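The values are calculated or read from the model by the stated rules, or taken from the named source; none is laboratory data. These numbers were taken from a predicted model, which means no experiment stands behind them. Using ideal geometry, Cβ is built from the backbone for each residue, glycine included, and neighbour counts are taken over all protein chains shown.
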Amino acid sequence: MSDSVPGAKRTFFLADLHLAEERPQASGRFFHFLDTRTVGADALYILGDLFEYWVGDDDIDSPLARQTAKKIKTLSESGTPVYFMHGNRDFLLAERYATLCGMSLLTDPTVIDLYGTPTLLTHGDTMCTDDRSYQRFRKLVRLSTVKHILLALPHGLRHAMAGAARSGSEQAKARKSYDIMDVNQEAVAGALRQYGVSRMIHGHTHRPARHTLVVDGRNCERLVLPDWYGEGGYLACSEEGCELLSASSPSG
């Protein structure tokens, strides 16, 4: 399957772009992807962590935020719907910025009909249940009262806190095993069982792969999206199936 075939029905999935002013290569690759590979697509799904961090929709005047919104809006206005699901780094992104981008916000998780196959979409962090300290932190910061308090703080303080959180996260990950930070297999099976689907697409773990598993006698698959700290990549799906592709691939 090639996602570059003119008129071919296809849907794209991205996650973990972690766009930041200090990483112009990632944003450049993303903008090139939008300009060259998504024209005429059935849909684009961004499953979290579009930005390295997001401190609120009242702070969207940075060149990167504006340029990203312009690029995504151009795709949306061309007729390709764009959907966004929150990640752990940009859970404060809200309706104002989504509207600026022309994106529709999705709850996590969401089930879609992907060319006849019911498919569960999630950022993926909720299934990393072995990382208990992270799960406690996630539950805390997603509380509406906590988000309200955070958004009431001055922009400068929010940026400083986000920087400290990024640094703390990297230090914490350095002390944890990869297995703890990966998804829990029972959590994966439980989600597939709960929603009655045989396919799951997620990001967060930065371990792109296609995993097969059997749940209650059903053959299932779990597709993990790549991050964009390196060359970047995405999942392209059509009626023929799904394929993980590199953002630098000339034929992708």
Top-ranked residue in region 118-159 [being closer than 30 Å to PRO208 by Cβ and among the hydrophobic types (A, V, I, L, M, F, W, C); ranked as surrounded by the fewest Cβ atoms within 10 Å (Cβ to Cβ)] | LEU140
Pair list, Cβ under 7 Å, 6 or more apart: region 223-252 residue surrounded by fewer than 15 Cβ atoms within 10 Å (Cβ to Cβ) and in a loop (DSSP other than H, G, I, E, B), other residue modelled with pLDDT under 95 and of a type outside the set (S, T, N, Q) | GLU231/ALA247; GLU239/LYS9; GLU240/MET1; SER248/GLU231
If we ask which residues in region 228-252 are of a type outside the set (A, V, I, L, M, F, W, C) and under 19 Å from ASP35 (Cα atoms), their number turns out to be 10
Out of all the residues in region 47-56, is one or more aliphatic (A, V, I, L, M), within 17 Å of ALA162 (Cβ to Cβ) and in contact with a strand residue (DSSP E or B) (Cβ under 7 Å, 6 or more places away or on another chain)?
-> yes
Here are some conditions: (1) over 21 Å from THR119 (Cα atoms); (2) at pLDDT 95 or above; (3) more than 22 Å from the chain's Cα centre (by Cα). TRP228 meets all but one. Which one does it not meet?
-> (3)
Kindly indicate whether any position in region 142-149 is touching an Asp or Glu at 6+ places or on another chain (Cβ under 8 Å) and among the charged types (D, E, K, R).
-> no
Among the residues of region 89-117, count how many are in contact with a strand residue (DSSP E or B) (Cβ under 9 Å, 6 or more places away or on another chain) and assigned to a loop (DSSP other than H, G, I, E, B).
-> 9
With criteria (1) surrounded by fewer than 20 Cβ atoms within 10 Å (Cβ to Cβ); (2) in contact with a His (Cβ under 7 Å, 6 or more places away or on another chain), GLY87 comes up short on (1)
Determine whether region 87-98 contains at least one residue that is of a type in the set (Asp, Glu) and touching a helix residue (DSSP H, G or I) at 6+ places or on another chain (Cβ under 7 Å).
-> no
So, of the residues in region 57-74 that are free of Cβ contacts under 8 Å to residues at least 60 places away in the same chain and acidic (Asp, Glu), which turns out to be farthest from ALA98 (Cα to Cα)?
-> ASP61
Contact list, first residue from region 139-164 and without any contact (Cβ under 8 Å) to a residue 12 or more places away in the chain, second anywhere and exposed (fewer than 12 other Cβ atoms within 10 Å of the Cβ), beta-carbon distance below 9 Å, six or more apart or interchain, is VAL146/LEU140
Does TYR97 satisfy the condition of being surrounded by 15 or more Cβ atoms within 10 Å (Cβ to Cβ), farther than 19 Å from TYR234 by Cα, in contact with a Lys or Arg (Cβ under 7 Å, 6 or more places away or on another chain) and in contact (Cβ under 8 Å) with a residue 24 or more places away in the chain?
-> no
Checked against (1) among the aliphatic types (A, V, I, L, M); (2) over 18 Å from VAL224 (Cα atoms); (3) buried (at least 17 other Cβ atoms within 10 Å of the Cβ), ALA20 satisfies every condition except (3)
Looking at ALA41, is it part of a helix (DSSP H, G or I), crowded, with 18+ Cβ neighbours inside 10 Å and among the hydrophobic types (A, V, I, L, M, F, W, C)?
-> no
